Amino acid sequence: MAEVVLSGVTKRFKTVAAVESLDLTVHDGEFIVLLGPTGAGKTTTLRLVGGLERPDEGSITIGGHDVTHAAPAARDVAFVFQQYSLYPHLSAYDNLAFPLRSPARRVPEDEIRKRVGEIAEMLRISAKLQNRATQLSGGEMQRVAIGRALVRRPSIYLMDEPLSSLDAKLRSDLRLELKRIQQDLGATILYVTHDQTEAMTMAVRIGVIESGRMIQLGTPREIYTAPASVYVATRLGQPAINLLPVGLLPDGGAPTGGKTVGARTENLRIAKAANGSANATVDWIEHLGDQNHLHVTVGDHKLVTLADPESDLAKGDRVSLSLVDPLYFDASGKRIAASGKARIPQGNG
Ligand SMILES: Nc1ncnc2c1ncn2[C@@H]1O[C@H](COP(=O)(O)OP(=O)(O)OP(=O)(O)O)[C@@H](O)[C@H]1O
């Protein structure tokens, strides 16, 4: 495995700057997740590292070697895409062995057997090794696709939404397995997803990308608790963070320049209102199985928060809402420290 460094990388497609002046260091053995909405430039960043695109500006090094202009094959990277891309006529075993059998690698067959066996064990597909790719379920196919990348020991794994085509149960199983395997192998992974749970649970650091630029890079906890801006704050949290004008709810004092309050469930106190102290109305409670979302209206604003499963709140109830340690943002959307709080760390690559 190796450290991968992108310095001032820009990639334009005609007039669109898909990636712009992007700096990013993926440390040896680190799992970095790139988060951002569609079109933010995540896939292009992976393709630049893999050599499927060439930057217009900037440089890329892998393990200290400048690979900015190197062909994909010369870069020692392994890709996993969203859709399994297996050889249909080959068995699961032969699909897994394929990368090791390339003439350039010349891995002996007994070594191949050992590596394929280990990876199949890790991904729990040992029983299916003799099945042709076409005789596997979607989830099994994607495991083989991931396994085919993992049997190699490249400098870096580049994974583009590898779990997104799977059902929820399999996705959460594979999420855990992938994280465990990454730790066991000490693998360096650059991983793209829209799924905030994947980002929160697997990443050592999360890079939030907006319009091709790295807006903030930090641990999942830093990104969640100290987002640099409204944009970053809205990437994480379920239900999504509520954005309200300062002064709408009692908060114990906003800092100078604070225009917008960011309130997640943990920042909201809700109580059934006694005589006239109500400032909000319950619209409805959404039962999602594992969570209950409470929809509340305050003035012209609608909020969503998690409801206590024991709560006896019901539609139409008048409640009193207040804020506890919310986030504050200035008029430009940048986060500013609450009065008396530590200064805001600057996230960058
Ligand atoms: N080959 C291409 N030709 C022209 N424009 C492209 C090409 N590839 C990407 N783009 C544009 O570059 C921008 C970034 O695309 P990219 O695929 O990197 O985004 P993304 O963050 O991965 O999005 P998604 O989450 O939808 O996969 C988009 O505006 C996209 O339309």
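Readers should treat all values here as calculations from the given coordinates under stated rules, not as data from a laboratory. Keep in mind it's a predicted model, so treat the numbers as computed, not measured. For neighbour counting, all protein chains shown are included, and Cβ atoms are generated from backbone atoms with ideal geometry for every residue, glycine included.
Observations on the structure shown:
- In this structure, the pairs whose alpha-carbon distance is over 21 Å, taken from K114/K169; K42/K169; K259/K334; K14/K42; K259/K302; K169/K302, are K114/K169; K42/K169; K169/K302.
- Estimated vicinal HN-Hα couplings, Hz - the stretch 65-79 in sequence order (Karplus 6.51, -1.76, 1.60; Gly, Pro = x): 9, 6, 10, 3, 10, 7, 5, x, 5, 8, 9, 6, 10, 10, 9
- Max mean-square fluctuation residue, GNM over the chain, Cα-Cα springs under 10 Å, options I241, I270, I223: I270
- Largest GNM mean-square fluctuation among T61, T134, T193, using the chain with Cα springs under 10 Å: T134.
- D308-F13 FRET efficiency (beta carbon distance; Förster radius 51 Å; 0.05 resolution): 0.55
- Calculated FRET efficiency, D283 to A127, Cβ-Cβ distance, R0 = 41 Å: about 0.25 to the nearest 0.05.
- Proximity of backbone amide H atoms, modeled 1.01 Å from N, is registered between D317 and V282 at under 5 Å, excluding neighbours fewer than 5 places apart on the same chain.
- Within the stretch 4-230, percent of DSSP bridges classed antiparallel, to nearest 5: 55 percent
- Most mobile of G147, G299, G237 in a GNM of the chain (Cα contacts under 10 Å): G299
- Spatial separation of Cα centroids for the stretch 73-97 and the stretch 132-182, in angstrom: 11 Å
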